[in-house]
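Participant: Structure incoming, see below.
The values are calculated or read from the model by the stated rules, or taken from the named source; none is laboratory data. Bear in mind the structure is a predicted one, so any value in this text is a computation, not a measurement. Heads up, the Cβs are rebuilt from the backbone with ideal geometry, glycines too, and the neighbour counts pull from every protein chain shown. Accessible surface areas use protein heavy atoms only, side chains included; no ligands, DNA or RNA. Shrake-Rupley method; radii C 1.70, N 1.55, O 1.52, S 1.80 Å.
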Amino acid sequence: MRKLLFALLISATTALSAQSVPMDGFAHVAIRVKDVPAARAFYEKIGYIQAFTLENKGVLDRSFMKINDDQFIELYPVTEKQPEVGFLHLCFYGSDLDSLHKQYVKDELKPNELRKAGAGNLLFTMEGPEKQNIEYTQYMPGSLHSNDHGKHLGTPVSGKLVSVSLAMKDVPAARAFYTEKLRFPVTKTQSFAIPGTSGETVMIEDDQIGARMHVAFQVKSLKQAAASLKKRGVAFKSAKGSLSTTDPDGNIVEFRERAM
């Protein structure tokens, strides 16, 4: 009996150590766009309002389009040094960033130093598959995000970002990184669940979408979402279980009834 209990204890400890520190979900997706006002107008059309901006030496550095109190789309303008448009990075948020950072250091993932970012939140970054940047943040009291709670909520077609697709040239290697290194559980649809209870997922796609962003939002009814998009004058395509549209830079915005 003692041997059995000891074996069960070891098994439970091993299972726990294989889990990642829980996160609360997606904080933001960042993209670089040709024309920030045009991109902003598009996202405002589907209900996401600019909450605030950050500047660098008097020049716009990024615009924060608010999905809900915890989720944003960040719009970065093109510059002479950075003229390429498209996906920049994905950011997750959680309430115990220090523990997550320590776990990644222990796992030899080489995360950058935990620091306070320009908006006033805790942040660390890390290089993901194919040198895609991954960000992790913890919302702090007094930050731009925290101070905007309950404001700039708009009337969106959907108020919840549930999935982000990442384009990879080596799909098997990227999938292995998310399961073995980041410890994201694999779902029934072969996406990767953010550790925790958010139900939000990361999809790994082949490189067919190129540098474009591909995000999915959850809606209660596709019929109602379609009617809302038509009323707003937003062109869209219908597919089985989803609707999709594109922003001025060709980034894919999808609406689904169920998360994947």
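One line per residue, one yes/no per condition, for (1) in a strand (DSSP E or B); (2) out of contact with any Pro (no Cβ under 6 Å at 6 or more places or on another chain); (3) open to solvent by 70 Å² or more (accessible area, probe 1.4 Å); (4) modelled with pLDDT of 95 or more:
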| site | (1), (2), (3), (4) |
| --- | --- |
| M140 | no, yes, no, yes |
| H145 | no, yes, no, yes |
| H149 | no, yes, yes, yes |
| H152 | no, yes, yes, yes |
| V157 | no, yes, no, yes |
| V164 | yes, yes, no, yes |
| T197 | no, yes, yes, yes |
| R212 | no, yes, yes, no |
| V234 | no, yes, no, yes |
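Participant: So M65 ticks every box in (1) part of a strand (DSSP E or B); (2) aliphatic (A, V, I, L, M); (3) out of contact with any Lys or Arg (no Cβ under 8 Å at 6 or more places or on another chain) but one. Which box is left unticked?
Facilitator: Of everything listed in (1) part of a strand (DSSP E or B); (2) aliphatic (A, V, I, L, M); (3) out of contact with any Lys or Arg (no Cβ under 8 Å at 6 or more places or on another chain), M65 misses just condition (3).
Participant: Collect the residues in the range 112-129 that are surrounded by 19 or more Cβ atoms within 10 Å (Cβ to Cβ) and not in a helix (DSSP H, G or I), keeping them in residue-number order.
Facilitator: A119, N121, L122, L123, F124, G128
Participant: Being touching a Ser or Thr at 6+ places or on another chain (Cβ under 8 Å), of a type outside the set (V, I, T) and within 26 Å of K237 (Cα to Cα) is the filter here; which residues of the range 165-211 pass it?
Facilitator: S191, F192, E200, M203, E205
Participant: Scan the range 70-111 residue by residue and report those that are in a loop (DSSP other than H, G, I, E, B) and at positive phi.
Facilitator: The answer is E108, K110.
Participant: While we're on this one: Cβ-Cβ below 7 Å, separation at least six or inter-chain, first residue in the range 50-66 and free of Cβ contacts under 8 Å to residues at least 24 places away in the same chain, second among the hydroxyl-bearing types (S, T, Y) and assigned to a strand (DSSP E or B): which pairs?
Facilitator: Filtered contacts from the range 50-66: T53/S63.
Participant: Need the failing condition index for A193 against (1) under 14 Å from the mean Cα position of the chain (by Cα); (2) touching a residue at least 12 places away in the same chain (Cβ under 8 Å); (3) closer than 22 Å to D24 by Cβ, just the number.
Facilitator: The one condition A193 does not meet is (2).
The rows are residues; the columns are (1) part of a helix (DSSP H, G or I); (2) at pLDDT 95 or above; (3) not hydroxyl-bearing (S, T, Y).
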site: R183; (1), (2), (3): no, yes, yes
site: T189; (1), (2), (3): no, no, no
site: Q208; (1), (2), (3): yes, no, yes
site: A226; (1), (2), (3): yes, yes, yes
site: L229; (1), (2), (3): yes, yes, yes
site: S238; (1), (2), (3): no, yes, no
site: G250; (1), (2), (3): no, yes, yes
